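Rule-based calculations on the coordinates, nothing more; no lab input. Worth saying up front: this structure is predicted, and the values here are computed from it rather than measured. All Cβ positions, even for glycine, are placed from backbone atoms using ideal geometry, and neighbour counts span all protein chains on display.
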Amino acid sequence: MATIKGEDTRRRRPSAGKRAEEAAPSGGATTGAPEERSASETQPPADGQAGMGIPTPEAALGLWMSWMKQNMGGFAPVGSTEQPWWVASADAVSGSLLATGVEQFQRFVAADPMLASIDRMWNANPLREVIPVDWAEAVRALRIVWLRSLRDPAKAFTRSAELNMQIWSSAMETWNSAGARWWGLTTGTAPETGTGSDKRFDAPEWNGNPVYKTLKEMYLLASDFLLRQGMEDEDMDPQERERITFHLRQFVDAMSPSLLLMSNPVALRRAVETGGASLADGARNLLHDLREGRLSMVDATAFEPGRNLAVTPGKVVLRNRLIELIQYSPSTEQVRQVPILIMPPWINKFYILDMQPKNSMVKYLVDQGFTVFMVSWKNPDASMEDITFEDYMNLGPLAAADAVRDITGSDSVNPVGYCIGGSLLAMTLSYLAAEDDTRFGSATFMVSMQDFSRVGDSAFFMDEPQIDFIEQQMMERGYLDSREMANMFNLLRSNDLIWSNVVNNYLLGGKPPAFDLLYWNSDGTRMARAAHSWYLRNTYVENNLVKPGKIQLGGVPIDLGKVKVDIYAVGAEKDHIVPWNAAWKITQLTGGDVRFVMASSGHIAGIINHPAGKKGGYSVREGARDVTSPEAWLEGADKQPGSWWPDWVRWLNAHAGDMVPAPALGSDKYPVVCNAPGTYVLEK
């Protein structure tokens, strides 16, 4: 979120050097940012701790900064041939064999003026303007790891020696095997053609070419070594350890040799095959993204809501300052008496639930005989900065429920809350319970948190300093820019959502893919200042929703224990945004019967899983309230193949009344405003 390198960030956030310097203990031997220190300053002193042959923090960090310079540019060179082994470059560690291969690549580039020009452009590293990695936090994490490792010099020395031995052994094994093949001394099988699930190294050269294989193994060994340093410090606060490991992961992902033109075999092959045209296309793509200030992740011209997304027929039957309410046209003559009202998160647009007919949850529910209504949130601008969270409740679920009941004639509505739409739903249900208001019946929560003590990887962006910075930005603008939220979620899967696009767009010169899910992911919304600040403070920072009476909405104390309606709740096994064991907590927080399901996959794929696809699976267990921990629940859960949607429909049928004639679209009080998907969803 606060990782955007926009104008506000550059103006307000401390420099990377200053923030890295602040990470060192007050007694540490640091006088400036590591990238600003000269090579001589990285040398250990002649006595003291360094005299034992252990590198100073600056020297150890210098090894990684040297690697960063080779990959990303912008850092002063570290070390020389006269420096100790721990400050040596990666080439020196792996010997002259790899250096020879690199020299061959360099001669190849130098022979072609166009390739040389493009290579210099990459080394200038304009990616800083479009990639949201927070280098200051990465430097801070590196310094903390190395400073703490020096508390046990013998252990640090042993680990470093083991790493270098592994690198050397791997390089020698690779080149010995290559030599044997060249001389025809081996009759073994062909080299491996991949590295498991790591798509960065799928090209056959990463295993068949000794230069590439040595480079890959060096990178993987060094990355694993660094990540283990962050995870193995047992006396560190668990949250701080997770934070450091997260930023170390961002660092090592950004250092992948697959991101460099000269060490990406696919990019080099494409450049040769196209006579350099792919590099020219990549340069144009980069210039375009620099002008836009963001990384292009999808072909923005391939999709449009109402044209090939969000095409389930329906009408907008209510429009107020904050929402448009869509009523979908029935596809059956008879429908269930109790309608469904879906509240998506206001952080994204609603059509993740109505992408295309083949994977639309809305269409599936309509075809099962339900009357379905959808809230479409307005994209706030500066004029809406004073919109409060109470406004989101009053103009959102409460106003929508009144319209739904008037149109259908039903006394109650079955609400569905997705992600933070579920957080709003939980507060609304508690508000209504305190008022003895029964307009909402049985509720569904999909990958939604109420207890924010376990928030997954998103915690790295939700600490007090980050939220202070977010609030400062919102005070200046009146809203939080959607790109900042998108960058936060993209960083949680940086290899899939960021670096793969860097390779495709800039190194290969390809067009961004035409993928509906990526289009939706890039079509974000802004956050209204007052409402979003209140939400962050009362959930991520103070976790007030699970404290009875701590929150008040409209003067009514919020107590989830007073919610007595039956609930169907879904978590996702691989969800990095709402961990499944956090979604499970609703089984203990409310007073009604809860059926909890854990879907396979992640935050999106675990939910959008049409039964026709016959993919994935889910786990379910009767009597979720009788189990006191998510681990115990999982141990006794039954695993089922395929989508959880049919199980949900069976539960909905039992809570949706008898079959009745399908209602008309709109009513006298709530006439049709326009066709679905409405106008709010089209606002940029």
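What to note about this one:
- Spacing of the modelled spin labels on Ala654 and His288, each 7 Å from Cα toward Cβ, amounts to 5.2 nm.
- Gain on full stretching of the segment that runs from Asp202 to Thr679 - 0.36 nm per residue minus C-alpha separation: 167.4 nm
- Residues with amide H under 5 Å from that of Ala676, placed H, sequence gap 5 or more: Gly314, Lys315, Val316
- If R0 is taken as 45 Å, the Cβ-Cβ distance between Arg477 and Glu173 corresponds to a FRET efficiency of 0.20.
- Inter-site label distance for Asn320 and Arg537 at 7 Å from Cα along Cβ, in nm: 2.4 nm
- Distance distribution note for segment 543-684: the fraction of Cα pairs above 25 angstrom is 47%.
- The C-alpha atoms of segment 317-472 occupy a region whose extents along the principal axes are 55, 39, 33 Å, arranged from largest to smallest.
- Cα gyration tensor category, rounded, prolate or oblate, for segment 464-617 with a/c compared to 1.5: oblate
- Highest average packing first - 609-619, 199-209, Cβ atoms within 10 Å: 199-209, 609-619
- Per-pair calculated FRET efficiency, R0 = 25 Å: Asp593 and Lys639 via Cβ, rounded to 0.05: 0.70
- Percentage of interatomic Cα-Cα distances in segment 494-568 larger than 22 Å: 56 percent
- Asp235-Ser629 FRET efficiency (beta carbon distance; Förster radius 22 Å; 0.05 resolution): 0.25
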